[in-house]
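Quick note: the coordinates plus some simple rules give every number you see, no bench work behind them. Note that this is a predicted model, so its numbers are computed, not measured. When we count neighbours, we look across all protein chains shown, and the Cβ atoms used for this are built from the backbone with ideal geometry, even at glycine.
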Amino acid sequence: MKKATILFVILMALLAGCITESPTEMVETMTPTATKEPQSTRTAMPAILERITLTPGTDGALSIKEHPLKAYEDVYFVLAKYEDAEWAPLPSRPASVEIGGEVISYREKVVPAVEEVEISFLLHVEVAIFINDEPWMNIPIGTLKASSIVYGIYTDGSSWYLEVDKGEAFYHEDGTLELPILGDIYRDGVSLNETEGYDESFGFAIINGSPFYFFVRNGDYYYHYNGNDYTLTYTHISHHMCCSGSLAEPRGLENQVVFFADRGDQRYLVILGN
C-alpha cells in the first residue's frame, strides 16, 4: 500500500511538470468600453473622396478641389473610383454650332504633299471651316498625329471657338520621332495664341454660360473664365494626349471643369468650379 502511494505521488508530480501556463495573447477589439483607460485604436487610410483640399473662389475665381493621388493611382484607377460621377465619361466633342441662324462646322483634310512622303506622321493637315456648308476659311494645323487634331467647336452665343492641336512632328538626329503637343484655340477664326501671346491654349468649355479655357504663358499655367485670367500653381496639366492618355483630357461640364494636374512630383485630380 505504501509503495502504491509513492508511485501515485511520483505520477502526479510528472503530470504537473507537463502543464505550463500559456502567455496571454493581446487582441485588439472594436467592442465599446466605458473605461477611461487608453484604448488601442487603428486609423484607416482616408479614401480618395475624403482627401480633399478646398480653396474657395474669390473675386470671380472658381473654387478648387484637389484630390492628391498616389503614385499607383493612374487614370484607370481613379476613374474606377468615380465611375458614378457625372463627369466620369469623356464628353462628346461638338462638330458644329449655330449662331444667328448660321451653322458653323469643320472638316479635317490632308494637304497634298509636294514630295512623296513615306511616313504618315509627316503629312500636313488643315481644318476647313464651313458656314451653312459653304467653304469659308482653312486653318493650317501642322503634321498629322496619332492623337486628335480637333478637340471640338463651341459657341457662347456670339462667337465660335475651335480647339486644335498644332504640334509639328519632327525627327531628332538619332532618328527618333517626336510628336509635340501645342494646343491652340481659334475664336471666330483667329488664333488666341497669336493675339493673346499664349504659349498654348486648351481645354475649352462653356462654364456657367461663359467661355473657359486653360492657357500657358512663359511656362506658367492659368485659366480664363468670364473675361478674366486666374493663376494656377500647377507645373503641368494633362491634355491632348493620345491612346489611353486621352482619358486624362479635361472634362468641361455645365458648372465645373475636371482635370488631372501635377505640382512638382505630386499628381492631383482637380475639380474646378461649383
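Let me know the volume per residue of the alpha-carbon convex hull for segment 167-254, in Å³.
Numbers: hull volume 11.5 nm³, N = 88.
About 131 Å³ per residue, rounded to a whole number.
Just for the Cα atoms in segment 53-273, what are the lengths along the principal axes, largest first, rounded to whole Å?
54, 51, 35
Quick one: how many lysine pairs does segment 53-273 have with C-alpha atoms less than 25 Å apart and a gap of 8 or more or different chains? Give me the count, please. Mind dumping the intermediate values first?
Values: Lys65/Lys81; Lys70/Lys81; Lys109/Lys145; Lys109/Lys166; Lys145/Lys166.
Total qualifying Lys-Lys pairs in segment 53-273 comes to 5.
5 Å is the cut-off here: which amide hydrogens, built 1.01 Å from N in the peptide plane, fall below it relative to Val111, excluding neighbours closer than 5 in sequence?
Here His124, Val125, Glu126 satisfy the definition.
Ranking Thr235, Thr195, Thr143 by Cβ neighbours within 10 Å, fewest first, what do you get? Numbers along the way, then the final one.
On the way: Thr235 14, Thr195 10, Thr143 20.
If I rank by nearby Cβ atoms, fewest first, I get Thr195, Thr235, Thr143.
Positive end of the charge dipole of segment 53-273 (Lys, Arg +1 and Asp, Glu -1 on Cβ, about the Cα centre): tell me which of Ala95, Val75, Gly167 has its Cα farthest that way.
Looking along the dipole axis, the top candidate is Val75.
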